[in-house]
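Everything on this sheet refers to the single structure shown next.
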Amino acid sequence: MLYPQSNRYRRVFDLSDFWDIHFDPDREGRPAGWASGFVDGQPIAVPASWNEQFDSMRDYLGIAWYQTCFDAPWDITDQKYILRFGSVNYLAEAWLNGTRLGSHEGGHLPFEFDVTQLLHAENNRLVVRVDGALAPNRVPPGNVPLNTLDRFGEVNYPDSSFDFFPYCGIHRPVLLYAVAPDGLSDVTIITDINGDTGLVSVHIQRRESTPARARLTLQGHGASISTTVEVDAQAEVTLKVPRAALWAPGSPNLYDLNIELEKDSRVFDRYTLPVGIRTIRVEGDQLLLNGRPIYLRGFGRHEDFPIVGRGLLPALIVKDYALMDWIGANSFRTSHYPYSEQMMALADRLGFLVIDETPAVGLFFDEDGLDRRLDLCCQYTRELIDRDKNHPSVIAWSLANEPHSHRPPAGEFFRNLYDLARSMDTTRPITVVTTVGEKEEAFAFVDFMCLNRYYAWYSEPGQLDIGCERLSEELDALYSRYHKPLALTEFGADTVAGCHAEPPEMFSEEYQVEMLARYIDVLRSKPFVIGEHVWNMCDFKTGQMVRRVGGYNLKGVFTRDRRPKMAAHYLRQLWKGDKAR
Ligand code: GCU
């Protein structure tokens, strides 16, 4: 899926603004015809979650109706007009000028509707019905009955089966864009390296099949390589880049790939995208980037900030990359859902490695509703790979976080998802992030193992000696059983900024430092460990429960407003030293 782009042949109109919102707890909106417009709404910022824009609506996860009115920003011609939503959580249904466009289930992934036949020159009314409810047959699940096998152990409010606040609303930009009816609909790029030559294979797809010619030009780092190819519905070419400037952390070299479509010598479409020439693969006990072992230093994170909730906040993205650079991180996981296109684009430009995760968190394997949960996970896997497949920064797909996969159906469930992901992307490693250790059947077929562990926190509290012994034993047991590299994708301690104790004690900054240091010593003693991702980069909002002070998870090495705790300084000293090596 191509992100909308403006140029001589394409136009983009951003509908970010104050929209009207009308909450609908009694579900009167549909029978009352709000799909064609409603009155008595109140202003709401789009994009952003609704939960913290209105104090009274923080815990409201029900139905809300949004509307915005706009004039067509251009003369309406024979172009195709598409409405694109970057992320709406959880279930969206949309109407334009009273005509139903369709619906989409699942937040954090884009969806679009063709509105060519519906767009008016003036007074367009776009209405979106958002349903944020938690339900057992949704992914991620919530409100799972207490007597259900493997429901999330914590009783929290709202009752999510995951440890982050279930923010709702239109979280990323809504864009109206115009494109040639037979223009480009998709581009897939796969890069490889042969000696010092970069190989860039480009597959182009068009919306309609008409005779045309494609002109591809790859420019950058002193190179300018062009080729043309006749294209009807689709075409594939490989560009060779002598003495290629490879993409890697520290040297995120990007080229510009410019694709033009022309017929009768007249250009009618153009799309430009960045290309990073790199390879990623698992070989033996190592993760190889451009044929060299790479060790992942970084974090599990969240898209989370006061007031905007999970809404796109570009300045925060810039700040967080600056902090990751400051601390010496080279990677992160998009826990526990795909992050914004804007976050992914900067990972390419700034040179960060990303484990890209679907929204499948808190999965349980009761037969009841399992088929639907699998369908949703397949949908999310397809949408994620379709959206992020051209990012050099994406080095692996994570199919889920902490599924309750010690149950029999889990192995087959993840085999299906693994095969689907592999069929869409033959290049990147695929993994599942687990907490069930050796019982994780997916470890038999994923390309490397990802484990979350909290010894000396949730178990052996305050006993780092025993906790680290258990960690070491378990890592060895996992390796001897599966003989695959392993990343520890979560470890950490809730820490109240300003709380100190000597000797270290749980919740003190000293304990967080001590725990991270002791874990990292264990990890770095294992040749098969390929990464250390601390949980979490920043404190973040959760539901309310006895373990979450003020409704926050405090395992951040930075506070929620991005101020460093002692652990941030410890990691900076360690990781900056690593970078120097
Ligand atoms: C789990 C989970 C996280 C959660 C963390 C914690 O590993 O993956 O989402 O926040 O534990 O309990 O802090």
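The values are calculated or read from the model by the stated rules, or taken from the named source; none is laboratory data. Since we're looking at a predicted model, the values are computed, not measured. No Cβ is skipped: glycine too gets one built from the backbone with ideal geometry, and neighbour counts run over all protein chains shown. With ligands, DNA and RNA removed, areas are computed over all heavy atoms of the protein, side chains included. Shrake-Rupley method; radii C 1.70, N 1.55, O 1.52, S 1.80 Å.
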(Q) Let me spell it out: the conditions are (1) in a loop (DSSP other than H, G, I, E, B); (2) open to solvent by less than 10 Å² (accessible area, probe 1.4 Å), and HIS336 meets all of them except one. Which number is the exception? (A) (2)
Q. (1) modelled with pLDDT of 95 or more; (2) open to solvent by less than 50 Å² (accessible area, probe 1.4 Å); (3) out of contact with any Asp or Glu (no Cβ under 6 Å at 6 or more places or on another chain): which one isn't true of SER393, the others all being true?
A. (3)
Q: Filter region 436-479 down to residues that are within 29 Å of GLU505 (Cβ to Cβ), surrounded by fewer than 18 Cβ atoms within 10 Å (Cβ to Cβ) and without any contact (Cβ under 8 Å) to a residue 40 or more places away in the chain, then give me how many there are.
A: 10
Q. Looking only at residues in region 525-557 that are more than 15 Å from the ligand (Cβ to nearest atom), hydrophobic (A, V, I, L, M, F, W, C) and outside any loop (DSSP other than H, G, I, E, B), which one is surrounded by the fewest Cβ atoms within 10 Å (Cβ to Cβ)?
A. VAL529
Q: Take ASP75 and decide whether it is within 30 Å of PHE268 (Cα to Cα), assigned by TED's automatic domain parsing to the domain that holds LEU96 and more than 27 Å from the chain's Cα centre (by Cα).
A: yes
Q) Which ones in region 307-323 are over 17 Å from the mean Cα position of the chain (by Cα) and either open to solvent by less than 50 Å² (accessible area, probe 1.4 Å) or outside the structural domain of HIS336 (by TED's automatic domain parsing) (or both)? A) VAL308, LEU323
Q: Determine, yes or no, whether ILE193 is β-branched (Val, Ile, Thr), at pLDDT 95 or above and in contact with a Gly (Cβ under 9 Å, 6 or more places away or on another chain).
A: yes
(Q) Quick check on region 12-29: of everything there that is under 26 Å from the mean Cα position of the chain (by Cα) and of a type in the set (D, E, K, R), which residue is farthest from CYS168 (Cα to Cα)? (A) ASP14
Q | Counted residues, region 331-387 - those being within 30 Å of GLY250 (Cβ to Cβ) and not aromatic (Phe, Trp, Tyr) | A | 28
Q. Of all the residues that make up region 145-162, how many are within 16 Å of the ligand (Cβ to nearest atom) and in a loop (DSSP other than H, G, I, E, B)?
A. 11
Q. If ILE277 satisfies every condition in (1) within 23 Å of the chain's Cα centre (by Cα); (2) over 21 Å from ALA214 (Cβ atoms) but one, which is the exception?
A. (2)
Q) Can we say PRO4 is surrounded by 18 or more Cβ atoms within 10 Å (Cβ to Cβ) and outside the structural domain of GLN117 (by TED's automatic domain parsing)? A) yes
Q) Looking at TYR380, TYR295, which one is among the hydroxyl-bearing types (Ser, Thr, Tyr) and surrounded by fewer than 24 Cβ atoms within 10 Å (Cβ to Cβ)? A) TYR295
Q: Search region 480-509 for residues being touching a strand residue (DSSP E or B) at 6+ places or on another chain (Cβ under 7 Å) and open to solvent by 50 Å² or more (accessible area, probe 1.4 Å), and hand back the single one that is farthest from CYS538 (Cα to Cα).
A: PHE507
Q) SER201: outside the structural domain of LEU96 (by TED's automatic domain parsing), within 28 Å of LEU109 (Cα to Cα), hydroxyl-bearing (Ser, Thr, Tyr) and within 16 Å of the ligand (Cβ to nearest atom), yes or no? A) no
Q.
Show me the strands (runs of 3 or more DSSP E) entirely contained within region 43-136 in which 3 or more residues are open to solvent by 40 Å² or more (accessible area, probe 1.4 Å).
A. 99-105
Q) Can you name every residue in region 245-275 that is touching a helix residue (DSSP H, G or I) at 6+ places or on another chain (Cβ under 9 Å) and modelled with pLDDT under 95? A) none
Q | Complete set of residues in region 256-281 that are more than 30 Å from ASN194 (Cα to Cα) and of a type outside the set (S, T, N, Q) | A | GLU262, LYS263, ASP264, ARG266, VAL267, PHE268, ASP269
Q | Which numbered condition GLU357 misses (of (1) within 25 Å of VAL174 (Cβ to Cβ); (2) charged (D, E, K, R); (3) over 16 Å from the mean Cα position of the chain (by Cα)) | A | (3)
Q: Would you check which residues across region 7-32 are open to solvent by 30 Å² or more (accessible area, probe 1.4 Å) and free of Cβ contacts under 8 Å to residues at least 60 places away in the same chain and list them?
A: ASP17, PHE18, ASP20, HIS22, PRO25, ASP26, ARG27, GLU28, PRO31, ALA32
Q) Restricting to region 484-496, what's the tally of residues that are closer than 16 Å to GLY531 by Cα, part of a loop (DSSP other than H, G, I, E, B) and more than 14 Å from the ligand (Cβ to nearest atom)? A) 2
